[in-house]
Amino acid sequence: MKWIDLPPIWLLAFALLTWLNAGTFDLPHLLGTLLVAIGLILMALAIWEMRRKRTTVIPHMQPSALVDSGIFAYSRNPIYLGDALILAGLSLRWDAPLGLLLLPVFIWVIQKRFIHPEESRLNVAFGPAFVAYTQKTRRWV
């Protein structure tokens with residue numbers, strides 16, 4: 001059994017594993033898949049927490065509760081963060097580098113059209129509690 005514990009045997013075994021994986025390991029595709037999965041998980045966790053607090057997940061509607069627990073303890077906008085990760089992941093999966101260049105534009109649009117108005121509504125509705133939340137939790141990450 002000692003013959004198996006020699007560097008050339010290990011080299012042969014790992015070379016065989018490498019050969020079996022030739023052409024199957026596409027790093028951008030794998031990273032894209034991972035980003036899409038993380039984005040979907042973030043969105044699901046956020047929706048779960050918002051439902052648990054019995055508030056709306058629909059943009060432009062008045063929230064009935066300030067959600068600062070669960071995933072919202074780490075990001076004030078986990079759904080929008082998930083959207084951005086999904087866009088980045090799809091750009092990598094589809095080998096579409098223009099999508100990565102559009103990512104900052106997408107974030108800007110989301111911030112202007114949704115986040116700023118939502119933050120205004122939350123500030124009016126929850127005042128000091130919302131201000132305290134913004135001081136301890138970042139907008140994106």
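Brief remarks follow.
- Nonpolar atom fraction for the chain, defined as the carbon and sulfur part of the 1.4 Å probe accessible area, stands at 72 percent.
- Using the Cβ-Cβ distance between THR137 and ILE47 with R0 = 22 Å, the FRET efficiency computed as 1/(1 + (r/R0)^6) comes to roughly 0.80.
- Cα centre as origin, Lys/Arg/Asp/Glu Cβ charges: the chain dipole, Debye: 560
- Extension gain (nm, one decimal) between SER69 and LEU100, 0.36 nm per residue minus Cα-Cα: 8.1 nm
- Gaussian network model of the chain, Cα within-10 Å springs - most flexible of THR55, THR18, THR33: THR18
- Space enclosed by the convex hull of the alpha-carbon atoms of region 88-141, per residue, Å³: 78
- The angle between the Cα long axis of helix 78-93 and the longest principal axis of the Cα atoms of the chain comes to about 30 degrees, rounded to the nearest 10.
- Degrees separating the helix 97-110 axis from the principal Cα axis of the chain, which is the longest one: 20
- Gain on full extension, evaluated as 0.36 nm per residue between ARG113 and PHE14 minus their Cα-Cα distance, stands at 30.4 nm.
- 222 nm mean residue ellipticity, helices alone, for the chain (DSSP H n ≥ 4; -39,500 (n - 2.57); rounded to 500): -22000 deg cm²/dmol
- Counted charge near LEU66, where neighbours are those whose Cβ lies closer than 14 Å (Asp, Glu -1; Lys, Arg +1): +2
- Computed from Cα atoms, the angle from the helix 116-136 axis to the main principal axis of the chain rounds to 70 degrees.
- Note on the chain: Kirkwood hydrodynamic radius from all Cα pairs is 17.9 Å, rounded to one decimal.
- Exposure ranking of ARG51, ARG93 by accessible area [1.4 Å probe, largest first]: ARG51, ARG93
The values are calculated or read from the model by the stated rules, or taken from the named source; none is laboratory data. Just so it is clear, the model here is predicted, and its values are computed rather than measured. Backbone-built Cβ (ideal geometry, glycine too); neighbour counts: all protein chains shown. Surface areas here come from the heavy atoms of the whole protein model, side chains and all, with no ligands, DNA or RNA. Shrake-Rupley method; radii C 1.70, N 1.55, O 1.52, S 1.80 Å.
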